[in-house]
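Below: the structure, in C-alpha cells.
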Amino acid sequence: MNSQPVLKVENLRTHFKLSKPHPFAEAPIVYALDGVSFEIKRGKTFGLVGESGCGKSTTALSVLRLVEPTSGSVKLKGTDICQLTRKELRHSRRFMQIIFQDPYSSMNPRTTAGEIIRSPLKILKIGTPQEQNDRVEELIKLVGLRPEQRNLYPHQFSGGQRQRICVARALAPNPDFIVCDEPVSALDVAIQAQILNLLMRLQREFSLTYLFISHDMAVIQHVCDHIAVMYLGKIVEKTNRRSLFLNVKHPYTKALLSAVPTTDIKTKRSSAPLKGDVPSPMNPPSGCRFHTRCHLAEACCFEEDPRLREILPDHWVACHLA
Amino acid sequence: MRQEPLLQVKGLCVEFATRKGNVQVLNHLDLHLDPGEALGIVGESGCGKSMMALSIMRLIPAPPGNISAGQILLNNSDLLQLNEKQMQDVRGNEISMIFQEPMTSLNPVFSIGMQVSENIRRHQSATRAVAREKTIQMLKAVGIPVPELRIKQYPHELSGGMRQRVMIAMALSCQPSVLIADEPTTALDVTIQAQIFDLLKQIQQDMNTSIILITHDMSVIAEFADRVAVMYAGSKVEEGLVRDIIDNPHHPYTQGLIRCVPFLKKDPGTEREELNEIPGVVPDMRLIGSECSFAPRCRYVMDHCHEKKPPEVQIGKKHHAFCWYLEEGK
C-alpha cells in the first residue's frame, strides 16, 4: 500500500504587503498564513475549519500557488510546487484542481457547460478534439447531468447543477488532488447533501485526495478523515475526525463546536460561547493569538506563543493549558 | 383560553408578471403569530419565504409584483387596505425587518448613529438630542461597546456581526410588536451567529417582541423558534410546534429536509456515511398547476398527487400538514 502522502505542506507562510499609508511609513503586513504544516494521504480528505479571516482560503490558494507563498514548501507527489518555473507549474496543474464556493462567478457566462468542462483539457493540451469531446460527455454523465445539457449556458442551470459543472471541470484532466474551497456554502441544504454525496462518491471511484475547506463543523465532520482547526493564520488543533470530536482539547475548537446549532434539546447551549470578533491579522495579539477571546487565558498565554504538541496519539494541539 | 393572534396572514396570493406570463409566488398562504412568540419559516430558496416577509411589510415591488388576494391582519386591521402614507407609520414602528446582508442594507455614506436615529425621529417626532440619547441606549442594548464613539462611525468601519447588531438596533428602536428577521445570520460565522441569536432571544423576553425568523437551516429553527411553518414552492406544507416537527415530521418534504442536514455527532466513528438527499430540484414556479408541487420529488407519490392540491391533515393539536399520502393513511 502506498503510504507516501500525496500532498505535504511544510511551514507555509503567506504574508501580504499593503500599500503604505504615507511615503515614509513602513508597509503594513497582513500575516494571513503563518507557519502551517499538514499532509494528506491518497484517497483521504483533509478538512480546514475556522471563522472567516482565519486563513483557510489563503491556505487553499497558496497550496495551488494561485497566490505566491512567502516561505515554506508544498510537495505534491514529491515535487515542490513552490520551486517550479511557470512552465513546469502549468504542466503540474493537471494533477491539482480547485472547486470554488460560488459556482456562478467561477464560470464564464458566455460559454456553454460543455466548453467550460472542456477548457482545462484545451489549456493543458490533453487529447485530440475527439477525445476531449468524449471525455466531456463522460464527465457530464459522471456528475449527474444529462448529455443534452452540455449546450446550455451557466444561467440556465440551478445552483446545484452549476456546482456539478464545476466538479466536472475540476475532474476533467484526471487530477490526483482537488481543493474544495467551501463548495457547498452557497447552496441550499437539500442540494448541499447531493453535492457532498457526489464528491464522496467520486473520491471512492477515482481515489481522489481532497483538501476540504468549510466554516461548517457539521459538514466537516461528515466528509473529512483528518481535520485542522485554524485561527488567525495558524493551526490550533489537528487530528483525525474521531479524536477531534471525542477528545476536543483546544478552547477555540470547543467554542466552535458549541456554537453550532443543534436539533437536540439535551445539548442545548446556554449562551454564546465566544465574545467579540476575530482580531486583525495585521496586528495579531502577542503570545497565543487566541488569548483575547479565551476564558482560560493565564499569564503565560500573553507572552509565549504555544507550539503544536502531540497530546494524544495523532492529536496535535497548540495550547499551553491543554 | 385562546389568545387573539397578533398578526394573521389569510389566503395570501402574490403574483409576479414576467415575460412568460404570470408566476404565482405565494399560493393561498395562511399563517398566524401570537404575542411574544417566535415563529420560524423554513424552506429552500425560491419557496416564497422572503416574498411572504416582503408582503407583510408591503415592500413587494409593484409592478411587476401584485398581491392578488388575501388579508394581512395586524391587531385585526388589514394592512393591505392602508395607503402608502399610513403604511409608512406601520413600517419600522409596529413591524420591523432585519435583512440577510447587513452591508447592503446599511447606507455606506451615513454614520450609523444617523441611520439608527432616523427611525426614531421619523416615528416619535423626537428632537435631535433626544433621538441621540435613545440611539446610544439602543446600541448599548444590542451589545455594541462604547456606543458614544460608534455612532460617528460608518458601516465599513464595523465587522459583520457589529453591522447586524446595528441593523437590529435600528429595527427595534421604536419597540415594534413584530420583528421579521430574514436569514439574519446567513452571512455570519457560527460563533457570531450564536451571539446574534442570544441577543434576539433576550430582546424577545425583555421587550415582548414577536419574531418571525426566516431561514433555510432547520437547526437554527430548533434553537430559536417556538413554532415552525415549512414552505415549499409558495405554499405551506406543514406547520406545528418545533419539537413536534423535528421529532415527528409528517410531510415527506419536511422529513427530507431534516434528514439531509448533517448534524454534529458526539462520536462520529471512523467510517464516513452518505448523507440522505432529496432528489431533484425545486420546480419552476411557472409550471405549477393544480397538483401537489412536491409530487415530482416525493417518495410516496400517488396518482391523485398529480391531479389535485393536497388537503389539510390534522396530526395533533397545533400540528397539521398538507399531503395526500397522510390523508390516505389516516
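In the calculated pair-distance distribution of the stretch B:1-104, the portion above 21 angstrom amounts to 37 percent of the Cα-Cα pairs.
With a 1.4 Å probe and all protein chains left in place, how much of the accessible area of chain B comes from carbon and sulfur atoms, in whole percent? Roughly 51 percent of what the probe reaches on chain B is carbon or sulfur. Counting every alpha-carbon pair across the stretch A:123-241, the share separated by more than 16 Å comes to 65%.
D by Stokes-Einstein for the stretch A:35-85, Kirkwood Rh over Cα pairs, 37 °C, 0.692 mPa s: 271 µm²/s. Cβ-Cβ distance of B:Ser77 and B:Gln314, R₀ of 30 Å, FRET efficiency by 1/(1 + (r/R0)^6): the value works out to about 0.55.
Compared with the alpha-carbon gap, the fully stretched path from B:Met103 to B:Asp30 is longer by 23.1 nm at 0.36 nm per residue. What value does chain A have for Rg/Rh, both radii from Cα atoms and Rh as Kirkwood defines it? Rounded to two decimals, Rg over Rh is 0.99.
If I take R0 = 45 Å and measure r between the Cβ atoms of A:Glu148 and A:Phe16 in this structure, what FRET efficiency does the formula 1/(1 + (r/R0)^6) give, to the nearest 0.05?
0.50
For the stretch B:172-255, the list of chymotrypsin sites (Phe, Trp or Tyr not before Pro) that fall in a loop by DSSP and count at most 12 other C-beta atoms within 10 angstrom is empty. Placing +1 on the Cβ of every Lys and Arg and -1 on the Cβ of every Asp and Glu, with no other charges, gives the protein assembly as shown a dipole of roughly 1420 debye about its Cα centre.
A simple spin-label model places the labels of B:Lys265 and A:His295 2.8 nm from each other, with each point 7 Å out along Cα-to-Cβ. The label-point distance for A:Glu39 and B:Arg299, in a model that sets each label 7 Å from Cα toward Cβ, rounds to 4.3 nm.
A Stokes-Einstein calculation at 10 °C with viscosity 1.306 mPa s, built on the Kirkwood radius of the protein assembly as shown over Cα pairs, returns a diffusion coefficient of 59 µm²/s.
Which whole number gives the average count of other chain Cβ atoms within 10 Å of the Cβ atoms across peptide B:183-195?
So the per-residue partner count for this stretch is 6.
Neighbouring Cβ atoms from other chains, within 10 Å of the Cβ of residues in A:181-189, number 4 on average. Put simply, the convex hull of the Cα atoms in chain B casts, on average, a shadow of 19.9 nm². Cα centroid separation, the stretch A:18-50 to the stretch A:114-146: 34 Å. Accessible area buried by the pairing of A and B, both sides summed with a 1.4 Å probe, works out to roughly 4300 Å². Over the C-alpha trace of the stretch A:250-322, radius of gyration and Dmax come out as 14.1, 41 angstrom.
For chain A, with all protein chains present and a 1.4 Å probe, just round the carbon and sulfur fraction of the accessible area to a whole percent. Of the solvent-accessible surface of chain A, carbon and sulfur hold 51 percent.
Assuming charge only on the beta carbon of Lys and Arg (+1) and of Asp and Glu (-1), the dipole of chain B about its Cα centre is about 940 debye to the nearest 20. Loop-located chymotrypsin sites (Phe, Trp or Tyr not before Pro) in the stretch A:65-140 (DSSP state other than H, G, I, E, B) with a sparse environment of at most 16 neighbouring Cβ atoms within 10 Å: A:Tyr104.
Per residue, the average separation of C-alpha pairs within less than 8 Å and at least 6 apart gives chain A a relative contact order of 21 percent. Across the stretch B:146-260, the fraction of Cα-Cα pairs farther apart than 25 Å, rounded to a whole number, is 32%.
Between A:Ser280 and A:Thr111, the simple label model (points 7 Å from Cα in the Cβ direction) yields a spacing of 4.0 nm. Remark: mean inter-chain Cβ contacts per residue of A:239-251 equal 2, using a 10 Å Cβ-Cβ cutoff to other protein chain atoms.
Net charge in the neighbourhood of A:Glu26 (other residues with Cβ under 13 Å of its Cβ; Lys, Arg +1, Asp, Glu -1) is +2. Compute the long axis of helix A:159-171 from its Cα atoms, compare it with the longest principal axis of the Cα atoms of chain A, and write down the angle in degrees, 0 to 90, nearest 10. For A:159-171 against chain A, the angle is about 80 degrees.
The alpha carbon centroids of the stretch B:180-199 and the stretch A:171-195 are separated by 25 Å. If only the Cβ of Lys and Arg carry +1 and only the Cβ of Asp and Glu carry -1, the dipole of chain A around its Cα centre is close to 540 debye. Ignoring the sites themselves, chain B has its longest run without GluC sites (Glu not before Pro) in a DSSP loop having at most 13 other Cβ atoms within 10 Å at B:1-270.
The values are calculated or read from the model by the stated rules, or taken from the named source; none is laboratory data. No experiment lies behind these values; they were computed from the predicted model shown. Cβ atoms come from the backbone with ideal geometry, glycine included; neighbour counts cover every protein chain shown. Protein only, heavy atoms only, side chains kept; ligands, DNA and RNA dropped before computing areas. Shrake-Rupley method; radii C 1.70, N 1.55, O 1.52, S 1.80 Å.
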